[in-house]
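Trainee: Once you've had a glance at the structure underneath, I'll fire off some questions.
Coordinate-derived values only; no laboratory data. Keep in mind that this is a model prediction, so the values were computed, not measured. Cβ: placed from backbone, ideal geometry, glycine included. Neighbour counts: every protein chain shown.
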Amino acid sequence: MARCQRAWMAQVLLALATLLAEGCGTAKTSAKDTPGTALDARAAPIAQARAAALRGDRSPARSHPVALLARQTLGPFAARAGDRLVAAWIAGSEGERERDLFAVVLSDDGTQLGQARAVARVPVETNSLVVRAAGGAQGGWLLAWSALMDRGEALTVIALAPDGTPRGAPVDLQRTHDHIRWSSLLPTAAGTLCVWAEETPSGDADILVSGVTADGKPRGVLMRVARGVDRWQAVPAGDGAALALVSANRGEHGPSAASLTWQRLDRDGQPQGAPVLVARGAPMASNVEAAATEGGWLLGWTDRAGQDARVMLAKVDASGLVSGPKVAVEGMGASSLVALASGGKSVALAWEDPRSRTRSTRAIHLGLVSPGLIAPAAAVSLEVAPNGVLEFVPSGMGFALLASAKACSADVGPDACTGPIAPTFLRFGPRLETLQVEPFLVGESYQAAALGWGLSCDGDSRCVALAGTSDVPTPVYAVDLAPRASPFAAPLPRQVPADAPAVVGIATLASRQPYNQVASARVGALTLVAALASAVDMPGRYGRFRGGRISIRSVDNEGKPVLEQTLTSRALAVGGVAAAASGDPQDGAAVAWVARDETGGCVHVANVARPDRPNREVRLTSSKGGASSVAIAWAGDGWLVAWVDGRGGRGGVYAIKIGRDLRRLGRAEHISQAAGDAGDVTLAAQGDLAWIAWSDQRDSPREGVADIFAATVHTRDATIAAEEVRVLATARHSRSPALAPAADGRALLAWIEDAPPGLDAPASAMVACLDANVRLTCTPSELAPAAEGQATTVALAPSSEGVRAVIARSSHAGVSLDALRLGSEGTPLVTPWSLIDLDAPPSFEVALAISGDQLIFDDVGARPGENRVRRALIQWRR
């Protein structure tokens, strides 16, 4: 891996060298002065060639050696005090009862100002180390660590002078039988407050505070300021500090509802007034972040009370007045808090889309928080590594971010970037404009660091961070991140082409049920969504059938529910669910499904009208033989309904016309002419004709291999207009057809072609054109996916700019939804583009429905056996 990284870096640097003027060189550090980077005879010429390729500030950010660390080292951690930093770590040999606490002072660019020295001996069971600047006027630093003792645990501090020498011996602030889960040091005008959390036997924690002088001595009385706390955050506040405390109510299944309070402390750690209630009754799925803002403090957390996780923000002013809480990110579905940072007069929010499955990248969004406590849009989105440290801090009047991402030259661009994954520093201006990008390529060989941490910036925007490689022993460097014009580019996501469909809003409509089929219809300004939740068709108590539940939701353009109701609890999963809007919004839409009685399944249709009107429901078929795979379409003055009927022992396709009042306007017509085993019926109507397509196994019933068949019927009475034809004979299994009328009087037919039995080949989506006589008028062709993977489901819908298509694509990473527009010949009018990555595993069968600009689909839920019904608002650009 390191060899590939070095080869990539050599190529980038040589390419950059051609753009540079001859002249000034770059200072080098000898190999003997750089721990862990000694070069052998073969590597030396390569390093020299790289160094020769560098000119001026076109090189990576400078790195300075700090330490060479063996295994089982705790740290190093760094803190800034004025124009200096100190780095501290704990190391020792195996078998010893104690280890050494080392410290080294660094200049503001990360160079050492002296040798590392041991400043204290600590127990071998030391499990945490905190390094902070000391409060007060004397300067220097305080170090705190917790360790397991013979009886209980101890929390100990030591003070260091500005030259890194100890100001005295270590002092124990606390000895306790409880576990010290966390500690922090907060500088104040009178010194420093040490705040820590002690875990109690019940699983929650108590918060304790002790003042510490600049010499590391306890000041005042140790105080227990909170009990029964589940999460916490401590920040400086004025000349004292403040605590954000989450107290959870623990039930049978763990924490359920929580209350968030804000407690001010004076410079001695004494509580100032009673705690201020900020939020109550919502499950909090993250730690609380706090950032100073004009006139108070901004608090942020992730709330899981609704269908989607949401970032919440609240403001507490100096007098304790609370504004909010409010949802920070509206309209884009789930959001999870990453960090808050206060820069100058503005506060920036970092959030991500929560995922239940690990992806190859992680999308991080940054936005400024408005006075109304919302981040209306992401000012910048970044593609970073799915795991690893992410730090977001103020930098002068702007912000700085540290995250692992792909190192990319500014001359290449993100779409063509092939650089290694490395910790990367990004500097942003006060409006989150990208000013500087620096991947951590350290040492003489410019090796990509394996980890970066400890980002700190001074008031003049000069930043320093620590970085370490994957070598053993591990060389640790301080990376100088002074403002400059960098030759590297930000790790941006792929830019959406100007004509590609794009998601502009997303919301979860239903969850906590085993939803597996969806249908939708556009009714006026609302979208009606029908969802079938049916994991298994099974008998209920006393022999009565307990079937699937079909729920109906009418949602507005923002995805907010207007009407929610249960249509039936006796649906058969094999029947599916279908919906079609009438020609008049006053008449609502019709929903069709298959319900089961004592002897079999029968087709039901309900007219779901306005919220103030009751639903009407009719049964269209008898149960003899059983029905399945229902479809429905508006036919001008009523609806056409098609389904598979099992009468005679084989599954044939039937259709019937019903009026606005759901009465039959004729008899059920037998559409499929040969004995077969049909399924996956789909239906589309235009004018006086309707196309019906289905998957049929008539030639290979034992193997279960089907072809797609199609026919046309008259919309006035469902009688056959053109008899069935086989669309395309293949050795593959053809299934899941979808139909949409085109603007020229034809219809587009799409379906999925699975690999033949016994062959390991990807499934593909196919498209063909059918005229009124169901003749092929264009050669069936494959619809190319947006990326690697195989098609599993396809949905079509007519529109003024062509037929809209969405394809569910499965790959090793999971399931994605690709979108494109098709012309009347089935030719893609735009390049396929990936809209959404689902949380579902690759084996998940996605249900899709398109209604206007709305895409309805299902996805996995938070718990096993549960799914979610989600709605995405798509901008179908020409």
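Trainee: Ratio to report: Rg/Rh of segment 663-785, with Cα atoms as the point set and Rh obtained by the Kirkwood method; give two decimals.
Mentor: Expressed as Rg/Rh, it is 0.98.
Trainee: Report the net charge of residues surrounding VAL846, where surrounding means a beta-carbon distance below 11 angstrom and charges are Lys +1, Arg +1, Asp -1, Glu -1.
Mentor: Counting the neighbours of VAL846, the net charge comes to -1.
Trainee: In addition: Can you spot the aspartates and glutamates whose alpha carbon is less than 14 Å from LYS315's alpha carbon? Ignore those fewer than 8 places along the same chain.
Mentor: LYS315 reaches GLU289, GLU294.
Trainee: Sticking with this one: Under the Kirkwood approximation for Rh and a Cα-based Rg, what ratio Rg/Rh is obtained for segment 502-875?
Mentor: With Rh from the inverse mean 1/r over Cα pairs, Rg/Rh is 0.93.
Trainee: Same structure again: So for each of 111-118, 469-476 I average, over its residues, the number of other beta carbons within 10 Å; can you give me the resulting order with the highest mean first?
Mentor: 469-476, 111-118
Trainee: I've got another one for you. Fewest first, what order do GLU564, GLU438, GLU199, GLU289 take by the number of other Cβ atoms within 10 Å?
Mentor: Neighbour counts put them in this order, fewest first: GLU564, GLU199, GLU289, GLU438.
Trainee: In what sequence do HIS604, HIS179, HIS670 fall when counting other Cβ within 10 Å, fewest first?
Mentor: Going from least to most buried by this count: HIS670, HIS179, HIS604.
Trainee: For THR779 and GLN875 in one chain, what is 0.36 nm times their gap in residues minus the Cα-Cα distance, to one decimal in nm?
Mentor: This chain segment gains 31.6 nm when fully extended.
Trainee: May I pose another question? Between ARG616 and ASN287, what length in nm is gained on full extension when 0.36 nm per residue of separation is reduced by their alpha carbon distance? It would help to have the intermediate numbers written out before the result.
Mentor: Values: separation 329, 0.36 × 329 = 118.44 nm, distance 4.93 nm.
Result: 113.5 nm gained on full extension.
Trainee: Scan segment 780-857 for trypsin sites (Lys or Arg not before Pro) in coil per DSSP, keeping those whose Cβ has at most 11 other Cβ atoms within 10 Å, and list them by number.
Mentor: Loop-located and lightly packed - none at all.
Trainee: What is the angle, in °, between the Cα long axis of helix 2-17 and the longest principal axis of the Cα atoms in the chain? Nearest 10 is fine, range 0 to 90.
Mentor: 90
Trainee: Stokes-Einstein at 4 °C, 1.567 mPa s, Kirkwood radius from Cα pairs: D for the chain in µm² s⁻¹? Let's see the in-between values first.
Mentor: Details: Rh = 31.0 Å.
After rounding, the answer is 42 µm²/s.
Trainee: Further question on the same structure: Do any trypsin sites (Lys or Arg not before Pro) in segment 135-221 lie in a DSSP loop with no more than 12 other beta carbon atoms within 10 Å, and if so, which?
Mentor: Those satisfying the criteria are ARG151.
Trainee: If you don't mind, another one. What is the diffusion coefficient of segment 345-463 in µm²/s, taking the Kirkwood radius over Cα pairs and the Stokes-Einstein relation at 37 °C with a viscosity of 0.692 mPa s?
Mentor: Details: Rh = 15.1 Å.
The calculation lands on 217 µm²/s.
Trainee: May I have the pair-distance distribution P(r) for segment 75-144, computed from all Cα-Cα distances with 5 Å bins from 0 and rounded to whole percent?
Mentor: 4, 17, 25, 24, 15, 9, 4, 1, 0
Trainee: Would you please name the chymotrypsin sites (Phe, Trp or Tyr not before Pro) within segment 270-371 that are DSSP coil residues with at most 11 other C-beta atoms within 10 Å of their C-beta?
Mentor: none
Trainee: Pairwise over distinct Cα atoms, reciprocal of the mean inverse distance: report the Kirkwood radius of segment 173-251 in Å, one decimal place.
Mentor: 13.1
Trainee: When the helices in the chain are scored as -39500 (n - 2.57) per DSSP H run of 4 or longer and the sum is shared across all residues, what 222 nm value do you end up with, to the nearest 500 deg cm²/dmol?
Mentor: -1000 deg cm²/dmol
Trainee: Return the inverse of the average 1/r over all pairs of distinct C-alpha atoms in segment 455-503, which is the Kirkwood hydrodynamic radius, in Å to one decimal.
Mentor: Here the Kirkwood hydrodynamic radius works out to 14.6 Å.
Trainee: So what's the angle, to the nearest 10 degrees on a 0 to 90 scale, between helix 43-53 and the longest Cα principal axis of the chain?
Mentor: For 43-53 against the chain, the angle is about 80 degrees.
Trainee: Give me the number: length gained by fully extending ALA674 to GLU845, i.e. 0.36 nm times residue separation minus the C-alpha to C-alpha distance, one decimal in nm.
Mentor: Stretched fully, the ALA674-GLU845 segment lengthens by 58.6 nm.
Trainee: What aspartates and glutamates sit close enough to LYS326 to cross-link, taking a C-alpha to C-alpha distance under 14 Å and skipping anything fewer than 8 places away on the same chain?
Mentor: ASP303
Trainee: Next up: So if R0 is 22 Å, what FRET efficiency would ALA161 and ARG121 give, r being the distance between their Cβ atoms, rounded to the nearest 0.05?
Mentor: 0.70
Trainee: Please work out the C-alpha center-to-center distance from segment 154-211 to segment 620-663 and express it in whole Å.
Mentor: 74
Trainee: In µm²/s, what is D for segment 134-280 at 25 °C and 0.890 mPa s, where D = kT/(6 pi eta Rh) by Stokes-Einstein and Rh is the Kirkwood radius from Cα pairs?
Mentor: So the translational diffusion coefficient is about 155 µm²/s.
Trainee: Shape call for segment 758-804 from the C-alpha gyration tensor, a ≥ b ≥ c root eigenvalues: rounded (a/c under 1.5), prolate (a/b greater than b/c) or oblate? Each step should come with its number before you reach the end.
Mentor: Values: a/c = 2.79, a/b = 1.50, b/c = 1.86.
Oblate, because a/c is 1.5 or more while a/b does not exceed b/c.
Trainee: Same structure again: Work out the P(r) tail for segment 681-730: percent of alpha carbon pairs separated by more than 11 Å, whole number.
Mentor: Tail of the P(r) past 11 Å holds 67 percent of the pairs.
Trainee: Once you have the alpha carbon radius of gyration of segment 219-373, what is it after dividing by 2.2 N^0.38 Å, with N set to its residue count?
Mentor: The value comes to 1.07.
Trainee: Going by how many other beta carbons lie within 10 Å of each one, how would you line up LEU260, LEU728, fewest first?
Mentor: Neighbour counts put them in this order, fewest first: LEU728, LEU260.
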